[in-house]
Amino acid sequence: MISYLKKGKPVKAKAELDNEVRSTVAKILADIERHGEQAVRRYSDQFDKWNPPSLRLSQEEVQACIDALSPQALEDIKFAQTQIRNFAEAQLAALHDIEVETLPGVILGHKNIPVNSVGCYIPGGKYPLLASAHMSVLTAKVAGVKRVIACAPPFGGKPSPEIVAAMALAGADEIYVIGGVQGVAAMAIGTENIAPVDMIVGPGNAYVAEAKRQLFGRVGIDLFAGPTETMVICDDTVDAELVAVDLLGQAEHGPTSPAYCVTTSRKIAEELPAAIEAVLARLDTAPIASVSWRDYGEIILCETKEEMLQESERICSEHVQVMTDDPDWFLARMTNYGGLFLGHRTNVSYGDKVIGTNHTLPTMRAGRYTGGLWVGKFIKTHTYQRILTDEASVIVGEYCSRLCALEQFSGHKEQADIRLRRFAKASQHE
């Protein structure tokens with residue numbers, strides 16, 4: 001039997017807020033489409049107090065940001081990027097072009113072709129989230145994208161040296177200091193000085209997410225992203241302090257980030273509230289994380305691992321940590337999640353920052369139908385066909401003609417029939 005010892009607020013529609021976000025974003029996008037860089041600069045000045053002579057950083061400015069970092073910081077960034085590059089390259093190696101002969105003389109195939117240009121948005125208003133540069137810019141480059149541009153808001157009134165260095169080391173071809181909706185719009189719509197891209201990727205706040213939603217179709221996107229979500233599935237093999245740390249480590253993203261403890265351990269379930277308070281006392285981000293846990297934290301006590309699996313599949317959290325005596329049992333059975341973290345030795349922070357998997361993951365139960373950002377997201381799989389003989393064209397054409405007749409598509413039927421008239425005769429003469 002499943003017991004809910006602490007329940008969070010329902011993730012409600014928040015219709016009024018959504019309508020306000022939707023309307024604001026639509027106005028900004030229309031303004032930028034109409035007035036180009038003038039509008040981008042106006043919003044940059046309004047929201048970020050940032051309006052330099054050039055929104056694009058020069059090579060000298062990029063190098064100055066790199067030079068501003070300590071040798072240790074640069075080494076750490078390069079280490080993380082090496083791990084992410086290695087895994088992305090292994091994923092790329094799993095993608096293959098194919099060509100098969102499905103009937104004598106009928107050749108079908110597909111080619112994997114990288115997107116030509118991608119714009120990467122790197123959040124940086126509250127925290128300099130340089131890891132998002134690795135996850136987007138670097139992965140796009142491994143995929144073979146020819147032009148990768150990146151933008152991030154100013155941090156503390158100037159370009160964030162950490163973010164800029166990460167962008168540059170990841171291989172960004174153009175780096176802009178523009179935040180929010182105006183940054184996403186500048187890359188997707190284009191301005192007098194920024195050529196538009198084919199695809200936009202990267203996380204952001206509700207306004208950035210809504211901008212991506214409204215631009216989808218005009219450009220491709222990676223995911224529709226909501227607040228960060230995390231779940232810990234655990235039993236008595238771990239303790240309440242470790243669970244508290246792993247829940248709050250993601251709750252600090254924002255005050256609406258759900259955090260779920262799903263456990264068969266009554267001891268952990270009963271000790272967790274006090275453990276949460278103890279951990280909050282040592283976190284600088286406690287003002288945010290505490291609100292998130294208070295409003296959206298849940299403690300779910302289950303009797304069996306089957307019940308824990310049932311709850312995890314229902315909730316479909318972005319991040320799922322499994323800290324039980326048999327994590328592989330869940331790996332073999334789970335189908336609904338963003339990213340999976342198996343065993344007490346790993347955690348979501350490793351995945352967010354350095355281990356090599358991508359941290360851009362589906363939220364709001366989207367893990368039911370999609371995975372997260374990976375090298376394959378930047379690659380289009382295009383099919384082609386070739387028929388080598390008149391006989392093969394006649395075989396396919398006879399079926400096609402009859403099927404078109406069933407659909408009453410006379411033009412389609414004539415495409416088949418003209419080849420039947422020509423190639424059937426040729427085949428008979430041979």
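Among the residues making up region 336-354, a single one is in a strand (DSSP E or B), touching a Phe, Trp or Tyr at 6+ places or on another chain (Cβ under 9 Å) and closer than 17 Å to Ile84 by Cβ: Phe341. Being more than 20 Å from Ser317 (Cβ to Cβ), modelled with pLDDT of 95 or more, hydrophobic (A, V, I, L, M, F, W, C) and open to solvent by 10 Å² or more (accessible area, probe 1.4 Å) is a property that Ile200 lacks.
The set of residues in region 212-246 that are over 18 Å from the mean Cα position of the chain (by Cα) and part of a strand (DSSP E or B) comprises Met231, Val232, Ile233, Cys234.
Residues checked against (1) in contact with a Lys or Arg (Cβ under 6 Å, 6 or more places away or on another chain); (2) free of Cβ contacts under 8 Å to residues at least 24 places away in the same chain; (3) outside any helix (DSSP H, G or I); (4) not small (Gly, Ala, Ser):
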residue: Gly356; (1), (2), (3), (4): no, no, yes, no
residue: Thr370; (1), (2), (3), (4): no, no, yes, yes
residue: Leu373; (1), (2), (3), (4): no, no, yes, yes
residue: Thr383; (1), (2), (3), (4): no, no, yes, yes
residue: Val394; (1), (2), (3), (4): no, no, no, yes
residue: Arg402; (1), (2), (3), (4): no, yes, no, yes
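Determine if region 30-43 includes at least one residue that is outside any helix (DSSP H, G or I) and either modelled with pLDDT of 95 or more or in contact with a Phe, Trp or Tyr (Cβ under 6 Å, 6 or more places away or on another chain) (or both). Within region 30-43, one or more residues are outside any helix (DSSP H, G or I) and either modelled with pLDDT of 95 or more or in contact with a Phe, Trp or Tyr (Cβ under 6 Å, 6 or more places away or on another chain) (or both). For region 103-116, does any single residue satisfy the condition of being open to solvent by 30 Å² or more (accessible area, probe 1.4 Å), assigned to a helix (DSSP H, G or I), of a type in the set (A, V, I, L, M, F, W, C) and touching a residue at least 60 places away in the same chain (Cβ under 8 Å)? Taking every residue of region 103-116 in turn, none turns out to be open to solvent by 30 Å² or more (accessible area, probe 1.4 Å), assigned to a helix (DSSP H, G or I), of a type in the set (A, V, I, L, M, F, W, C) and touching a residue at least 60 places away in the same chain (Cβ under 8 Å). Being closer than 30 Å to Val396 by Cβ and of a type in the set (S, T, N, Q) holds for only one residue in Asn116, Asn193, Asn112, and it is Asn112. Within region 247-282, restricting attention to residues that are under 15 Å from Asn347 (Cα atoms) and in a helix (DSSP H, G or I), which residue is most open to solvent (accessible area, probe 1.4 Å)? In this case the residue turns out to be Gly249. Once region 185-211 is narrowed to residues that are assigned to a loop (DSSP other than H, G, I, E, B) and charged (D, E, K, R), the residue that is nearest to Pro227 (Cα to Cα) is Asp198.
Residues that are free of Cβ contacts under 8 Å to residues at least 24 places away in the same chain and either touching a Phe, Trp or Tyr at 6+ places or on another chain (Cβ under 9 Å) or assigned to a helix (DSSP H, G or I) (or both) within region 291-334 comprise Arg294, Glu306, Glu313, Arg314, Pro327, Asp328, Leu331, Ala332, listed in sequence order. For region 48-68, a residue qualifies if it is free of Cβ contacts under 8 Å to residues at least 60 places away in the same chain and either open to solvent by less than 40 Å² (accessible area, probe 1.4 Å) or in contact with a Lys or Arg (Cβ under 9 Å, 6 or more places away or on another chain) (or both), and exactly one does: Asn51.
If you filter region 396-405 down to residues that are crowded, with 16+ Cβ neighbours inside 10 Å and out of contact with any Asp or Glu (no Cβ under 7 Å at 6 or more places or on another chain), you find that the one that is farthest from Ile107 (Cα to Cα) is Cys404.
The values are calculated or read from the model by the stated rules, or taken from the named source; none is laboratory data. Predicted model, so just to flag it, every value in this text is computed and none were measured. Note that we place each Cβ from the backbone using ideal geometry, even for glycine, and neighbour counts take in every protein chain shown. Protein only, heavy atoms only, side chains kept; ligands, DNA and RNA dropped before computing areas. Shrake-Rupley method; radii C 1.70, N 1.55, O 1.52, S 1.80 Å.
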